[in-house]
1. Which net charge results when you count Lys and Arg as +1 and Asp and Glu as -1 among the other residues whose beta-carbon is under 13 Å from that of A:His250?
2. Working with all protein chains in place, sort A:Lys6, A:Lys248 by solvent-accessible area computed with a 1.4 Å probe, largest first.
3. Stretched out fully, how many nm does the piece from A:Asp252 to A:Met100 gain, at 0.36 nm a residue minus the Cα gap?
4. Figure the gain on full extension for A:Lys6 and A:Asn267 (residue separation times 0.36 nm, minus the Cα-Cα span) and round it to one decimal in nm.
5. Could you pull out the GluC sites (Glu not before Pro) across region B:26-128 that fall in loop regions by DSSP (anything but H, G, I, E, B) with no more than 15 other Cβ atoms inside 10 Å?
6. Each residue of region A:275-283 in turn: what ³J(HN,Hα) in whole Hz from Karplus with 6.51, -1.76, 1.60 and θ = phi - 60°, glycine and Pro shown as x?
7. Distance from the Cα centre of region B:102-126 to that of region B:8-62, in angstrom?
8. Is there a quick way to get the dipole size of chain A? I mean about its Cα centre, with the Cβ of Lys and Arg at +1 and of Asp and Glu at -1; what is the value in debye to the nearest 20?
Amino acid sequence: MNWKRKDLLDIRDLSKEEILFILDTAESFKDISKREIKKVPTLRGKTVITLFYEPSTRTRTSFEIAAKRLSADTINISSSTSSSTKGETLKDTARNLESMRPDAIVIRHSMPGAPHMLAAILDSSIINGGDGSHEHPTQALLDLYTIREKKGRVDGLKVAIVGDIAHSRVARSNIFSLKNFGNEIICCGPPTMIPPYIETLGVRVEYDLEKAVRKADVIMMLRIQKERGGTKYIPSTKEYSTLYGLTKKHVDTAADDVIVMHPGPMNRGTEIMDDVADGPASVILDQVENGVAVRMAVLYLLIGGEA
Amino acid sequence: MKKKVILDKKAVDRTITRITHEILEKNGGSGSLSLIGIRTRGVYLANRIQDKIKSVEGMKPPFGVLDITMYRDDISKLRSPEVKKTEIPFDVNNMTVVLVDDVLHTGRTIRAAIDAIMDLGRPKKIQLAVLVDRGERELPIHPDYAGIICPVSEHHEVLVRMSEIDGKEEVVIVKT
């Protein structure tokens, strides 16, 4: 197919065909990370800026490594070191950065829609690296890549998404992409963390973790979003972990070849127990590895060719 | 569209047989020999050469598939062309690598292929085998084995059709 998009803002926007094209492209790029010389000249002379207004280790590093393995130059800006602390608006920061002619800007911001606003005013390609509780498209792509790699397919699966659904952009992006491919999705968590009308997205709600994960092909665990006031919605972390912490017992009732995913950072002992996080069903580190390949594919497709 | 057949099915097979023997002759057998086909039709050609080496020498040399898209010099002028997988399941270090492609024209594909292989290791030698050398080089690149040398003007295209993907097998010149 012919890639036509300038920006990657939402997974909701993407057609099945586009998503599969990204995954196929990522497959070609994955091998580069396993070679002795982990670099190809594909994006030589291109510049990628990561502009992060929220803390991140995985996503930012993953984008930077992805860009570097394609020979692009990278500049990292985080809110603590940027002029936003001096009162500059996001629009002004973005316009100033654009004057230095970057080819792509990866932005993470606590305000939903921040990447969309930049995409409307800038010529550079904008990649949403997470906007508030809205979307995190590259996470959904790398999750889908990992599911395809482990299961050999991305459809007809029973997927349990467990945790703070209300505040999780990872949950939202995954619901959109998994739904697009016709999977059965069960959202599980305490009622305070399940947004009203979530069923309108075509998912089922289950408050009992044991029921939610039974016979599941994929279990996606989410973190309590402390930075978005997540702990206000539960009586205590202890109670949460008793009711919604994933244990080996739960995993044993799922499908024989179940995979357990987590977007990180994990709170061990809260939403996931050690023997699950480090157990045979865990694909958490595969997700991180695949994240680099998927972001290489996204960067390549957005800025590799002629705009 | 006018078309002229320069090699038919039988002639293609005979030409591949000759190239195979030339490869074996020049390298003194199939010792440290390996074949890497350039996507798309170079892969099928390399496959045929591999089979023919097997029938002569009794053993198949290692075989790989190379996609040169990531190394193209015109990538920023195209709309993000599709990147396919490179699959080279052997160590290229100290190997004699024979690159196989269908048509040699500007030489830019081969430049990209050489760079791609060098990123995988340090082969002892890289040689080039092509079914058709149509001339009009833009880089100082020369084939070690050429099936047919056939200079055509820029208003013509040389098409190699292979039964595996094209349903028939021939080399034709068409006016563009």
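1. Residues near A:His250 contribute -1 overall.
2. A:Lys248, A:Lys6
3. Working it through step by step, the gained length comes to 49.3 nm.
4. Taking A:Lys6 through A:Asn267 to full extension adds about 90.4 nm, to one decimal.
5. Here the sparse-neighbourhood loop sites are B:Glu82.
6. Values, residue by residue: 5, 8, 4, 9, x, x, 7, 6, 10 Hz.
7. Here the answer is 17 Å between Cα centres.
8. Its charge dipole is roughly 440 debye.
The values are calculated or read from the model by the stated rules, or taken from the named source; none is laboratory data. Fair warning: this is a prediction, and the values are worked out from it, not measured in the lab. Ideal geometry is used to build each Cβ from the backbone, glycine not excepted, and the neighbour counts take in all protein chains shown. Protein only, heavy atoms only, side chains kept; ligands, DNA and RNA dropped before computing areas. Shrake-Rupley method; radii C 1.70, N 1.55, O 1.52, S 1.80 Å.
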